[in-house]
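Everything on this sheet refers to the single structure shown next.
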Amino acid sequence: MSLRPELNPSNFKSMICSVEKIFDDSVANLFGLVIPDYQRDYTWEEPEIKRLVSDILASIAVRSKKPSGNFFGATVWCKRPRTIENEFNIPSYDIVDGQQRITSCLLLTICVCLKIHENYAELSKNVVLAPKLKTWLEAENDYVERQALDMVVGELRKSAQPFPMLIHEEDIRGKSVGASEYNSPLALIQLAFEKAVDAKETKINFDDIKVNEKYENVFERLKTNISYFNKCLDELTDEKFFNSLSIEFTDKSLLGAKNLKDLLLGGNIPQSEYDKALADEDLFEKQIRLLQFCGHFFKASCFSLIITDDEDAAFSIFDSLNTTGVPLTAIETLKPYIMREYKNEREKFDGSVAEKNLEIVDGIVRAPSNNMEKQSKISKELTIHSALLLDKNTTLNNDLNAQRIALREIQRECSDAKQKHLTSEVLKNVAEYRQDFTFIENIRNFQNGKLNKNETSEVKLINSFLANTGTKLYRPILTRFYYDKTGIVQYHKICKALAAFYVLRRATSSDTDRIDDIFRSCMKGTETFQGLNLNCNAPIALTNKDFIDFKNHLKGLLSTSQLDFNIHSKKKWVDHVKEMTHFKGAKFLLRFMLFAAHDGAKIDKADNTLLQRDDASPDSSTEFLNFSTWDDGIYETLEHIAPQNEKSSGWKGVYDDPKIKDMIGNFILLPKGQNSALQDVGWDIKKLFLQTLLCDSESDRKNLVSTGKVNGIKLPPSIEKRLLSGELVKSHMLIGLDNVSNWDADYIKKRSERLVSLAWDKMILWLS
């Protein structure tokens, strides 16, 4: 991408500039860039680095289908006084805005060059390439090396000593060693890179870089980010990595597509040899992916560059960009596109269905409680979910450009007169579902005349639960059934099936195990399941068969990377989950499982410390799987019975194995505000507390508390006060625990097994 002048007022000029050109001395006769003292230290961490790489990869995915570029935002430069670097008759520039992004781009330039060299060395060692292909690939690598060196250490390295293109104000660039002084870690890393390339090394030797103590934190941050960049580059052939970023993986067969081959710049490609190596050799495929990533990063990723020689003007521009320069969302850019369609067909957009739909969406996105950042986040989420509903071939992440393109393409496919409002309608449905089923106050007020009281309660419970799990892609699925003309009949059952699937699958893993990818596949479809996608060309209404097929599809997806199981594998699932210890970090999952385990359960006659379920004679006092109970503060807070730290007595064997205390059998649910007061007390005190919470009357509680004091067992004063004041009511979820003599390792294991068994029984009914 070449420079394109856009604006030339007297005190500044503006241009679109590729990453390659950002560090090119042809830009404004550039000598080099300087990070002024007033700028904050380099602070980017893994999330920002991940976003940078994601943006590039998402743009490449788009480019595999059509020419596209990537935009990193605006950067503002101010010309420095020439007296600062008198030896050079060429000006340098202060970075007033954008130094974090530019610094990161410089680090990525270093990483991608060395990674290409590293992979090529391994490729040459292990694979015999055809002579023409080898010559071509060497030319590619040489080109990357030349470009990277020019970007990092400057053109003048050919006639003088190398100099860093990006330095801090305290660094001094000069034509000789004596005239130069580099202290910043960033400058030293650039020089180390040049040294590594000249020595044919594929890694920077950080041990040779000595930095002042005051720069150690920044140096460590730079090294960490280089390491993370390298990790991302190592995973360019891993489809799971792309899935984790919610980016469509470019199939190997597409790597020879013209739009992607245009990124390969080392001369004419020997096509037949190229195709064969790409098909047969993994290391060659990785090299091509690296080169295409590099080409897209260098030439098709760009900044909007604003240059001025007036520092006041520079800060004025900076202030404007950072206060009012919020980019338009994909939804906002869709509106004029739809308006244009109406105009072309000589219809009025004003008062149309599409206009009303977009007004509803805009009202939800721009609610008074949402700041600019939150508005942008919500808009991107709505776009991703809507695209899943409308077009099974579209996979989006938070890349704004890709979102804009996708919505316009979807709208174009819905241009039939009967369907041209479909995109806006789906956006509206997705927005309203998020609004109604994400926020607790809205969930509390939810009503639907087509659902009975019990169904409504369960729907509210499930949406409240799922909204707190961290996953979001369940929402398009439920939106699809809720708003479909026939789907509401099955909506309640789908809610139960989806919640059961989530619990059964998630409980086996210490992480989400790509559950959002599964929900995405449910929308898009597979070879054996047609998917829940609307199809923007010809919207499809759901049938009873779709409901059955979807449930069967979920059943087939139960297995995780940790456990291979199905709906007939109760023992295998129970044996695995009873040992799990991740529940502390997944509190809403644990809370829901405790609700499921206790629902309809009563004391086991064979062991009065445990529960059993007899569906023939359910106890209404133990009906927990409903929204009113879920929303009640009585069962709000998770509490370890045996404390997390061994600070009290009465916990035989619990701390012999560190995982026992975090098994589900060591958890109960208590009213809010009990944890801190009961955190480190012994079993005798906790048992007395549980006994009082199971009392039917205030007098029984007082007798228990008094008897406890006689026996030397005293409750914390704050707990005793709440118990005796009548503030706390009977907790039916604690039945049986007052019969436990010793809360030890054996009992925790036994209770864990029983609880997960009961949870399975309830959830499998919801899914079956």
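The values are calculated or read from the model by the stated rules, or taken from the named source; none is laboratory data. As the structure is a prediction and not an experimental result, all values here were calculated from the model. Because the Cβ atoms are built from the backbone with ideal geometry, glycine has one as well, and the counts that use them run over all protein chains shown.
A compact table of results
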read-out: Residue that is surrounded by the fewest Cβ atoms within 10 Å (Cβ to Cβ) [pool: residues in the range 205-232 that are aliphatic (A, V, I, L, M) and under 33 Å from the mean Cα position of the chain (by Cα)]; value: Val218
read-out: Single residue of Leu466, Leu461, Leu451 found to be hydrophobic (A, V, I, L, M, F, W, C), in contact (Cβ under 8 Å) with a residue 12 or more places away in the chain, farther than 27 Å from Ile60 by Cβ and not in a helix (DSSP H, G or I); value: Leu451
read-out: Among the residues listed as Ile494, Ile548, Ile515, Ile540, the single one being in contact (Cβ under 8 Å) with a residue 40 or more places away in the chain and more than 24 Å from Ser246 (Cα to Cα); value: Ile494
read-out: Residue that is surrounded by the most Cβ atoms within 10 Å (Cβ to Cβ) [pool: residues in the range 363-401 that are among the aliphatic types (A, V, I, L, M) and within 17 Å of the chain's Cα centre (by Cα)]; value: Leu388
read-out: Residue match in the range 508-525 (condition: closer than 30 Å to Ile735 by Cα, out of contact with any His (no Cβ under 7 Å at 6 or more places or on another chain) and not hydrophobic (A, V, I, L, M, F, W, C)); value: yes
read-out: Hits in the range 628-651 (condition: surrounded by 16 or more Cβ atoms within 10 Å (Cβ to Cβ) and assigned to a loop (DSSP other than H, G, I, E, B)); value: Ile641, Ala642, Pro643, Ser648, Gly650, Trp651
read-out: Residue check for Glu359: acidic (Asp, Glu) and in contact (Cβ under 8 Å) with a residue 24 or more places away in the chain; value: no
read-out: Residue among Glu46, Glu87, Glu20 that alone is at pLDDT 85 or above and surrounded by fewer than 20 Cβ atoms within 10 Å (Cβ to Cβ); value: Glu46
read-out: Some residue of the range 326-340 being in contact with a Gly (Cβ under 9 Å, 6 or more places away or on another chain), surrounded by fewer than 21 Cβ atoms within 10 Å (Cβ to Cβ) and modelled with pLDDT under 90; value: yes
read-out: Unmet requirement for Leu473, which otherwise passes all of (1) in contact with a His (Cβ under 8 Å, 6 or more places away or on another chain); (2) surrounded by 22 or more Cβ atoms within 10 Å (Cβ to Cβ); value: (2)
